[in-house]
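Undergrad: My questions will all concern the structure given below.
The values are calculated or read from the model by the stated rules, or taken from the named source; none is laboratory data. All values derive from a computational prediction rather than experimental measurement. So basically every Cβ, Gly included, is an ideal-geometry build from the backbone, and we count neighbours across all protein chains shown. In case anyone asks, the SASA skips ligands and DNA or RNA and just uses the protein heavy atoms, side chains included. Shrake-Rupley method; radii C 1.70, N 1.55, O 1.52, S 1.80 Å.
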There are 2 protein chains.
Amino acid sequence: MTSAVPPGEFEIISRYFARRSARSDVLLGIGDDAALLQVPADRRLVAAMDTIVEGVHFPAGTAARFIGHRALAVNLSDLAAMGAEPAWALLSLSLPESNPDWLQEFSSGFHDLAQRYNVALVGGDTVKGPLVITVQVLGFIEADHALTRGGARPGDFIYVSGIPGESAAGLAVIQRQLQGGTAGDVLQHRFNSPEPRVALGRTLRTLASAAMDVSDGLLGDLGKLCDASGCAAQLEMDRLPVSPSMPALFDAAAVERFALSGGDDYELLFTIAAERVPEFEALCGNLEPACTRIGRITQRDPGQSVVQCLRGGRAVTVATSGYDHFAGA
Amino acid sequence: MTSAVPPGEFEIISRYFARRSARSDVLLGIGDDAALLQVPADRRLVAAMDTIVEGVHFPAGTAARFIGHRALAVNLSDLAAMGAEPAWALLSLSLPESNPDWLQEFSSGFHDLAQRYNVALVGGDTVKGPLVITVQVLGFIEADHALTRGGARPGDFIYVSGIPGESAAGLAVIQRQLQGGTAGDVLQHRFNSPEPRVALGRTLRTLASAAMDVSDGLLGDLGKLCDASGCAAQLEMDRLPVSPSMPALFDAAAVERFALSGGDDYELLFTIAAERVPEFEALCGNLEPACTRIGRITQRDPGQSVVQCLRGGRAVTVATSGYDHFAGA
């Protein structure tokens with residue numbers, strides 16, 4: 001794997017990133033000034049871009065394979081939240097040094113995930129700088145089928161996929177170097193290899209009234225969905241999916257905190273209109289991952305908090321908030 | 001301009017970046033998980049992404065307005081080199097701190113250029129981290145009209161727009177804090193506010209056989225164009241456009257070095273087939289900036305360097321090379 005001379009900028013691109021794609025809609029990929037792509041005439045283009053920074057989005061020392069996976073996964077998660085079908089990606093890699101082993105692992109993590117979702121890497125940039133990775137993804141959606149955050153209406157039921165909080169718990173396991181056995185491994189995996197819910201998003205695009213991905217914490221993100229929809233929400237705490245892994249390492253208060261405000265889940269948070277619920281629930285047994293009904297959209301009331309947490313049917317106060325990069329800056 | 005409390009992540013986006021666009025093809029812009037865009041059915045999509053890093057692509061302390069301009073300009077330059085019409089951009093901003101004055105200036109530099117080219121900012125990401133800016137641009141091109149690096153053929157004439165080297169000379173003026181009077185101001189402006197050659201690219205798309213933008217130095221970039229086209233080139237040094245500004249501050253050797261290997265020009269380097277030259281030359285008087293014929297594409301010969309420099313019709317050796325971020329890493 002290791003070559004004697006560290007690869008230069010153009011060798012990095014050709015050796016680790018320029019792979020021939022099977023996609024016939026890539027008319028020109030890596031190697032020219034820009035990529036040339038063909039969007040199906042009956043589709044809309046969906047575009048997202050996310051950046052991850054060492055020490056902010058993943059701990060320093062994280063295995064390069066996980067970083068490569070994460071950089072693409074967090075972007076595919078945005079497409080999933082729109083109900084889109086991923087197609088192409090561009091990758092910007094700011095690297096402190098040209099390390100062949102690191103590049104091999106990083107590119108493997110990236111390409112393995114890309115391959116599973118039939119995503120072609122079509123361009124980008126490689127520069128010397130602090131470790132900062134930006135990925136831009138492009139996908140398609142049928143006209144008028146895009147899932148937005150703004151379509152929820154009072155009476156809609158609120159669902160979430162997977163088990164929010166497990167990723168944040170996994171990060172805590174890593175950062176505190178907890179010896180967690182199998183449960184610890186499951187949680188670390190949840191943090192290190194988030195799975196974008198692309199198939200679920202495709203299923204939801206004709207069923208859900210609104211959707212978003214949960215990246216900054218369930219409670220904060222539900223608030224954003226409510227803001228976009230001009231509604232409020234009741235979150236039934238008793239319904240939150242129970243993690244089989246978190247209680248082995250954390251007390252009940254920590255588990256609840258992870259579930260409500262832990263970031264990096266990359267699960268889908270979505271709403272289904274009451275009349276579509278039977279149709280959706282009939283599908284639920286076949287969905288991967290399982291989806292859980294956690295509350296209901298309500299009318300917005302100026303005197304009331306946007307997201308009201310209920311326990312045993314009674315409103316409770318929960319001290320937590322979503323992630324803001326510059327909060328208290 | 002300055003608010004008492006530094007803006008948080010979501011306020012940064014809404015206050016400085018979320019502007020309503022006049023483009024009707026932006027179905028959903030900033031604020032959801034991804035943007036929703038409509039590509040004209042008869043066009044191909046052109047996608048480029050470039051990153052700029054403080055201390056690498058611009059000196060620490062550069063005015064934020066210039067950084068915002070540069071981040072978009074270097075990307076529009078890639079679209080120009082393909083002959084594409086710009087449409088949309090996504091912006092990833094990794095920032096050490098939330099500074100309202102900086103953000104105001106940065107966003108003004110970005111938006112002013114975007115507005116001139118009718119580019120809508122449709123998404124992106126704002127994170128805390130070292131100062132690294134990535135922009136991704138999307139544009140359109142008519143089917144089969146894309147200008148690539150690979151279309152040059154022996155006998156084609158080589159042209160370059162503007163005056164390569166002035167930008168690198170401008171950077172030298174800034175870094176060495178030279179007192180250069182008007183000439184120094186012109187050169188600094190060339191570095192700080194590169195103008196993407198979008199209109200020229202659109203003109204060339206049906207005229208040129210190959211094109212690229214000059215970002216890593218004329219000689220190195222001409223080599224890349226030759227590599228992509230499977231050809232070689234003769235560069236006539238006597239024909240290089242003469243800068244009215246560089247000689248006021250630098251000796252002849254430095255001027256030549258800037259012209260041949262100085263980066264950051266963002267001019268277009270392109271080739272015109274001999275039979276199209278009269279048509280092109282007839283247009284030349286109206287082109288902005290002026291374009292200069294600087295050599296000819298030749299057959300590739302294994303025993304000969306890809307780019308041969310001629311002075312007074314005789315081959316000369318020039319010690320210079322293009323920019324590689326990890327050269328000698």
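Undergrad: What is the Cα centroid distance between the stretch B:97-161 and the stretch B:237-277, reported in whole angstrom?
TA: The stretch B:97-161 and the stretch B:237-277 have Cα centres spaced 23 Å from each other.
Undergrad: Report ³J(HN,Hα) in whole Hz for each residue of the stretch B:231-240, in order, from the Karplus equation J = 6.51 cos²θ - 1.76 cosθ + 1.60 where θ = phi - 60°; Gly and Pro get x.
TA: These are the phi-based 3J(HN,Hα) values: 10, 10, 8, 10, 9, 8, 4, 5, 8, 4 Hz.
Undergrad: Okay, next question. Hey, can you find the accessible area per residue of the stretch A:157-316 for me, probe 1.4 Å, expressed in square angstrom?
TA: I get 41 Å² per residue for this part.
Undergrad: Peptides B:273-283, A:287-297, A:153-163: what's the order by average Cβ count within 10 Å, highest mean first?
TA: A:153-163, A:287-297, B:273-283
Undergrad: Something else: Quick one: go through the stretch B:153-186 and flag any residue whose amide nitrogen is under 18 Å from the point 7 Å out along the Cα-to-Cβ line of B:LEU310.
TA: B:153-160
Undergrad: What total accessible area, in Å², is buried where chains B and A meet, using a 1.4 Å probe and rounding to the nearest 100?
TA: Approximately 5100 Å² gets buried when B meets A.
Undergrad: Could you give the angle, 0 to 90 degrees to the nearest 10, between helix A:100-116's Cα long axis and the longest principal axis of the Cα atoms of chain A?
TA: 50 degrees
Undergrad: Which angle between 0 and 90 degrees, to the nearest 10, do you get for helix B:218-229 versus the longest principal axis of chain B when only C-alpha atoms count?
TA: Long axis of B:218-229 versus the principal axis of chain B: about 80 degrees.
Undergrad: Using θ = phi - 60° and the Karplus form 6.51 cos²θ - 1.76 cosθ + 1.60, what ³J(HN,Hα) does each residue of the stretch B:76-83 get, whole Hz, x for Gly and Pro?
TA: 4, 4, 5, 5, 4, 5, 9, x
Undergrad: State, to one decimal in nm and shortest first, how far the label point of B:LEU178 sits from each corresponding label point in the other identical copies (label point: 7 angstrom along Cα-to-Cβ).
TA: B:LEU178 label point versus its equivalents elsewhere: 6.1 nm.
Undergrad: Sticking with this one: Out of residues 5 or more away from B:ILE294 or on other chains, whose amide H comes under 5 Å of its own, with H placed 1.01 Å from N in the peptide plane?
TA: B:ILE158, B:TYR159, B:VAL160
Undergrad: Ignoring ligands, DNA and RNA, what accessible area per residue does the stretch B:9-142 give at 1.4 Å, in Å²?
TA: 31 Å²
Undergrad: Next question. What are the ³J(HN,Hα) couplings of the stretch A:36-50, residue after residue, when phi is run through the Karplus curve with 6.51, -1.76, 1.60 and θ = phi - 60°? Round to Hz, x for glycine and proline.
TA: Running phi through 6.51 cos²θ - 1.76 cosθ + 1.60 with θ = phi - 60° gives 10, 9, 10, 8, x, 4, 9, 10, 8, 8, 10, 10, 9, 8, 9 Hz.
Undergrad: While we're here: Can you list the lysines whose alpha carbon is less than 30 Å from that of B:LYS224, not counting same-chain residues fewer than 8 positions off?
TA: Cross-link targets: A:LYS128.
Undergrad: Please report the carbon-and-sulfur percent of the accessible area for the stretch B:9-142; probe 1.4 Å, protein heavy atoms only, DNA, RNA and ligands left out.
TA: Carbon with sulfur: 46 percent of the solvent-accessible area.
Undergrad: To the nearest Å, what is the center-to-center distance of the stretch B:192-221 and the stretch B:15-32, using C-alpha atoms only?
TA: 29 Å
Undergrad: Follow-up. Inter-copy label distances at A:ALA252, 7 Å along the Cα→beta-carbon direction, one decimal in nm, shortest first?
TA: When each copy's label point is compared with this one, the spacings are 8.8 nm.
Undergrad: Cα extents of the stretch A:9-142 along the three principal axes, largest first, in whole Å?
TA: Sorted largest first, the three principal extents are 44, 30, 22 Å.
Undergrad: Give the nm distances, rounded to one decimal, from B:GLU97 to the matching residue in every other copy, measuring between label points 7 Å along Cα toward the beta carbon; shortest first.
TA: 3.0
Undergrad: Calculate the dipole size of chain B relative to its Cα centre from +1 charges on Lys and Arg beta carbons and -1 charges on Asp and Glu beta carbons; express the result in debye to the nearest 20.
TA: 420 debye
Undergrad: Now, a different point. DSSP loop GluC sites (Glu not before Pro) in the stretch A:55-164 with at most 15 other Cβ atoms within 10 Å of their Cβ, which ones?
TA: Counting only loop positions with at most 15 other Cβ atoms within 10 Å, the GluC sites (Glu not before Pro) in the stretch A:55-164 are A:GLU97.
Undergrad: Follow-up. If you line up the long axis of helix B:181-192 against the longest principal axis of chain B, both from Cα atoms, how many degrees apart are they, to the nearest 10?
TA: 70 degrees
Undergrad: Starting from the Cα gyration tensor of the protein assembly as shown, multiply each eigenvalue by 5, take the square root, and state the resulting semi-axes largest first in whole Å.
TA: The answer is 48, 24, 23 Å, longest axis first.
Undergrad: Hey, can you grab everything whose amide H is under 5 Å from the amide H of B:GLY124? Only 5+ residues off in sequence or another chain; H modelled, so Pro and N-termini drop out.
TA: The list, which skips near neighbours in sequence, is A:MET49, B:LEU91.
Undergrad: With a cap of 14 neighbouring Cβ atoms within 10 Å, and only residues DSSP puts in a loop, list the trypsin sites (Lys or Arg not before Pro) found in the stretch B:158-210.
TA: B:ARG176
Undergrad: Here's something else I'd like to know. If the convex hull of the alpha-carbon atoms of the stretch B:3-64 is projected onto planes in all directions, what is the mean projected area in square nanometres?
TA: The directionally averaged projection comes out at 7.0 nm².
Undergrad: Per the helix-only calculation at 222 nm, which mean residue ellipticity applies to chain B, given -39500 (n - 2.57) for every DSSP H run of n ≥ 4 and division by its residues, nearest 500 deg cm²/dmol?
TA: So the helix-based figure for chain B works out to -9000 deg cm²/dmol.
Undergrad: Take every Cα pair under 8 Å in chain A that's 6+ residues apart, average their separations, divide by the length, and report that relative contact order as a whole percent.
TA: RCO, chain A: 21 percent.
Undergrad: Indicate the gyration tensor shape class of chain A (rounded, prolate or oblate), computed on the Cα atoms with a ≥ b ≥ c the square roots of the eigenvalues: a/c under 1.5 is rounded; otherwise a/b larger than b/c is prolate and the rest oblate.
TA: oblate
Undergrad: Amide H of B:PHE58: which non-local residues (sequence gap of 5 or more, or other chain) have their own amide H closer than 5 Å, using H built in the peptide plane?
TA: B:VAL53
Undergrad: Spin-label point model (7 Å from Cα, Cβ direction): what's the B:LEU283 to B:SER24 distance in nm?
TA: Using points 7 Å along Cα→Cβ, the separation is 2.9 nm.
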